[in-house]
Structures are given as structure tokens and as C-alpha cells.
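J.: Encoded as C-alpha cells, here's the structure I'll be asking about.
The values are calculated or read from the model by the stated rules, or taken from the named source; none is laboratory data. The model shown is predicted, which means the values in this text are computed figures rather than measured ones. Every residue, glycine among them, receives a Cβ derived from its backbone with ideal geometry; neighbour counts consider all protein chains shown. We work out accessible area using only protein heavy atoms, side chains counted, and drop any ligands, DNA or RNA first. Shrake-Rupley method; radii C 1.70, N 1.55, O 1.52, S 1.80 Å.
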Amino acid sequence: MEPVIGLEVHLALNTKSKMFCACRADTFGLAPNSSTCPVCLGLPGSLPTINRKAVEKALRFSLALHCQVPETTQFHRKNYYYPDAPKNYQISQYDRPLGAGGFLELTSGRRIGITRCHLEEDAGRLVHPAYADYSLVDLNRAGAALIELVTEPDLRTPEEAREFLVRVQAIAQAVEVSDANPEEGKMRADVNISLRRPSEPLGTKVEVKNLNSFKSVQRSLEYEIKRQRRLLEGGGRISQDTLGWDEGGQKTFLLRTKEETADYRYFPEPDLPPLQIDSTWLSQVQKAMPELPEAKRQRYGALGVRDYDASIIAYDVALANFFDAAAAQARNPQAIANWLNGDISGWLNAHNLTISATALTPALLTELVALVDDGTISGKTAKELLPEVMQGAAPSRLVEARGLKQVSDSAEISALVEAVIANNSAIVATIKTNPKAVNALLGQVLRESRGKANPELVRALLNSKLGLG
Ligand SMILES: [Zn+2]
């Protein structure tokens, strides 16, 4: 049975003000309910106005996902009754979304269809104090601008779903429409998943709501695939439910059954006329589009960077910015990519940091790479220096202060090689029948030089002194 997966992603736009009023949108750290006004509190007589910047950002994002943009788009009221919605409805979009019919390509080359991309306002936040018999409402987030993106059910594995989200995040950051940071609630996802037997129509799907990390998206899908497969293979049936994800227990749980699903009674927002998007405006937005990750990937390929490395860097905005600055000064862009995707990524993961939060600069990394490239230090020494370089130490100064320079002076190494040959006559005697035994001598020379002898030079000297090819 094949999994059929679709995603619904919410991105908080990084506009200064909210979607339909002038209140500050980024309210992180502010006192509860301090960034509110009659519009976002839903007071009678207040009227919404459309935030033009939010529309432009949503247009830019839609175009980046290859969506079609209609000449006229429309806001609708989505009616529901809940304490986080002061107006008892949310202004959203319904049958005339801002973008539709796009796609996003995965590493495999598979294109995942984007059904729609629309603008809406966020809800407030409920706070449930421990042991209290009441809840608190904070409306700072109410009315903030959101993009909702809905995919076709084109994804087939939990890994693909995760990769899709990584790419959406990278695109949102690259075109500067959202911080798209799941930890801060700036990117949230709902997934829907069903299983189908080959050549059968779609099975019954369930929805898992409010996933706030890429890992929980992947885990909840893995869990649901197992659960549904077991149920179907045992002759059972899937019911079309809405589920939540229990992070502690790593399992899904029932939120509501199909019968409980709300009817939102959508109707056109009477306080906002349909919004015209003329071709001049749209082409201005297209012209101001920053470079997309896919274009970056191709540009890195043209610099000689392997596709695997180019893909990873291009779809991580912080890494890409760093790479661009370092590669501009480097003779060897692939070496920069190797460091970023290898030891530096390892160090960042171990310290749970992003590259921009470290003292490493593009100039320091370029310097380290150049020291290896021109034979001043070995790759091994460079790896040993990395932790200090990550904290801002200049590699050339470390090399100088500690006398780590590789010895490439052949007279000095030559004497060392001769001494090792003289002291190891037993090994030397076996080399004629076993040429690989020369490696034992090489190792010894490197040890005696305390790792500072240039290995290629040592090998050349050993070969010539022993009369090897
Ligand atoms: Zn407001």
C-alpha cells in the first residue's frame, strides 16, 4: 500500500504591521494584548484595510512557487466561534486565492503540485495557567498576516514531506517574506495522509494538525503509515478524523471526528472590495524577486561545486550567504563547500548553533582553506584548529604561534627519511617483495616530525632513496 500525503503550511509574514490594521505584527516579548486596536480586537464599527506590503510579499512567494496569479483576488469570512477569534470569524480567502496551480521541485526532480497559496489573518493565543480553572486570551497575534500554502496529495514518503518543508522554508527566507522559523511559531504545518492499494483510487485520509517542527511532521507521518497499514491489513477501516500529535508519547490522538467538522459558512468579506492585481504591479514584484535557491544551486554548480553540496548550501539561507562571501575570495569553492557541509556542520549541530551565531567569518574560513591548499598545514592540522577558528581565532596566527607549519624543506626531511631507513633495515628488506611496507616507514617519518612533514614530499623521498617507482 502506498502512502498519499498532502501538506498545509502556514507562514507568518515578516511585515511591520498586521494584515488589516496598523498594529505592530512582531509581538514577541511584548506584554499580552499590548499590540491591539479596535480592528484586530473586532470592535463594532471598525473597518479593515489591506496591508499592501503583505499582498506584495504573498505575491512574491506565490511567484517563487510558480503559481498563477489572477487579475482579481478576494477576501472571504471564515466563520467560527472560539475565544482566540475576537470577531467570531477570520478574514481568509476562499475561491479566489492570490496564487494557484504552482509547483516545488524536490532533489529527486519530482514536482510537488501547489494547489493554492493565499493570505489570511492569524488568530490570538490562549494561555492555560497550571492548576487554574480559567484560561487567558492574548490577542497580540490576532490579525497578523499569514500565508497558507496547500499542496496536491503528491508526496509519497515522510522524508519527501520533510524535504518539501525544508525547501519551502529556504524559499520563504530567500525571498524575505517570512523568518519561517518553526521554533518561534513562524512556520506551522498540518499533514493529511491516506494509504491506497496499487491502481485504486485514494483511500480515506486523516489530518494531523498543528505540527511545529519538521521532525514531528516526519514522525507523525511514519506513525500514521504504520497505524493505518496495520488497521487496513487487519480488515479494519480508516475513519476520516482530525488528529493531534503527542510529542511526549510520539503518537497521534483524536481531536475530532468527521461529524464534528465545522461548516465555516464562507462568504465574501463585505468590508473589503475585490483586490485588483494589475500586470504592472505584478511585473514590479517579479523584478524585485531576490535570487531563488534553485538559481543559487545552478550558480554553485557553475563554480565547480558538486551538485550534492550545492543543493545543501543553496537551500540553507545562512549557509548560502556565508558561502557566497567565502567563495568570492577563495581559489577553491569546492573546498569551502566541503568544510561547510562537513566539519563545520558537525560543529554547528553539536553546539546547536547556526553559522551566523558563531564568530567564524568567510575570511577566516578562506584563510584556513588557503593554508591547506598551499601546503602550509595538513588537512589534519586544519581540522584540529577548527574549534578555535569557529570562535574567531585567525588560523595563520595559530599556525605561527604553535609552530604547526608543515616542513617542506627537503634537506630537513631528507635527513629524517635517511635516519628512518637506517634504523629499520628489517622493514626495508621486505619492501622488494611487499611494496606496501613503505607505508610503515612513511608513518614513522610523519610521527617523528610530529605531523609537520609534508606527506607527499616524504613519500617522494622514500621512493627515490629506496629505488621504488
Ligand atoms: Zn490592530
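J.: Using only the alpha-carbon atoms, how far is helix 362-373 inclined from the longest principal axis of the chain? Give it as 0 to 90 degrees, nearest 10.
T.: For helix 362-373, the angle is close to 30 degrees.
J.: Further question: When the Cα centres of the range 343-401 and the range 1-28 are compared, how far apart do they sit, in Å?
T.: 37
J.: How large is the charge dipole for the chain, taken about the Cα centre, if only the Cβ atoms of Lys, Arg (+1) and Asp, Glu (-1) carry charge, to the nearest 20 debye?
T.: 720
J.: Same structure again: Tell me the Kirkwood hydrodynamic radius of the range 297-391 in angstroms, computed as one over the mean inverse distance between distinct C-alpha pairs.
T.: 13.2
J.: Kindly provide the helix-only [θ] at 222 nm of the chain, computed as the sum of -39,500 (n - 2.57) over DSSP H runs of four or more divided by all residues, to the nearest 500 deg cm²/dmol? If you can, show how the numbers build up before the last one.
T.: Numbers: 16 runs with 176 residues, N = 469.
One gets -11500 deg cm²/dmol as the mean residue ellipticity at 222 nm.
J.: To continue, here is another question. Note down the net charge around GLY379, summing +1 for each Lys or Arg and -1 for each Asp or Glu among other residues with Cβ under 14 Å from its Cβ.
T.: Charge balance near GLY379 sits at -2.
J.: Would you mind checking the tilt of helix 438-448 against the longest principal axis of the Cα atoms of the chain, expressed as 0 to 90 degrees and rounded to 10?
T.: Around 80 degrees separate the two axes.
J.: Kindly report the accessible area of the range 13-89 per residue (heavy atoms of protein chains, probe 1.4 Å, no ligands, DNA or RNA), in Å². Before the final figure, lay out the partial values.
T.: Working: 3870 Å² over 77 residues.
Result: 50 Å² per residue.
J.: Please compute, over every Cα-Cα pair in the range 19-168, the percentage with a separation greater than 18 angstrom.
T.: The calculated P(r) of the range 19-168 puts 63 percent of pairs beyond 18 Å.
J.: At 1.4 Å probe size, with no ligands or nucleic acids counted, give the accessible surface of THR361 in Å², nearest ten.
T.: 60
J.: Kirkwood Rh over Cα pairs of the range 2-281 into Stokes-Einstein at 25 °C, 0.890 mPa s: D in µm²/s?
T.: After rounding, the answer is 124 µm²/s.
J.: Same structure again: Measure nothing but the geometry: give the 0 to 90° angle between the long axis through the Cα atoms of 214-233 and the longest principal axis through the Cα atoms of the chain, rounded to 10°.
T.: With rounding to tens, the tilt is 70 degrees.
J.: Do any trypsin sites (Lys or Arg not before Pro) in the range 402-447 lie in a DSSP loop with no more than 13 other beta carbon atoms within 10 Å, and if so, which?
T.: Listed in order of number, the matching sites are LYS432.
J.: Ratio of Rg to Rh for the chain, alpha carbon only, Kirkwood?
T.: With Rg and the Kirkwood Rh in hand, the quotient comes to 1.12.
J.: Here is a further query. Can you classify the range 410-465 as rounded, prolate or oblate using the Cα gyration tensor, where a ≥ b ≥ c are the square roots of its eigenvalues, rounded means a/c under 1.5, and otherwise it's prolate if a/b beats b/c and oblate if not? Write down the numbers at each step before the final one.
T.: Working: a/c = 1.74, a/b = 1.66, b/c = 1.05.
Note, shape of the range 410-465 comes out prolate.
J.: While we're here: Carbon and sulfur atoms: what percent of the 1.4 Å accessible area of the chain do they account for?
T.: 52
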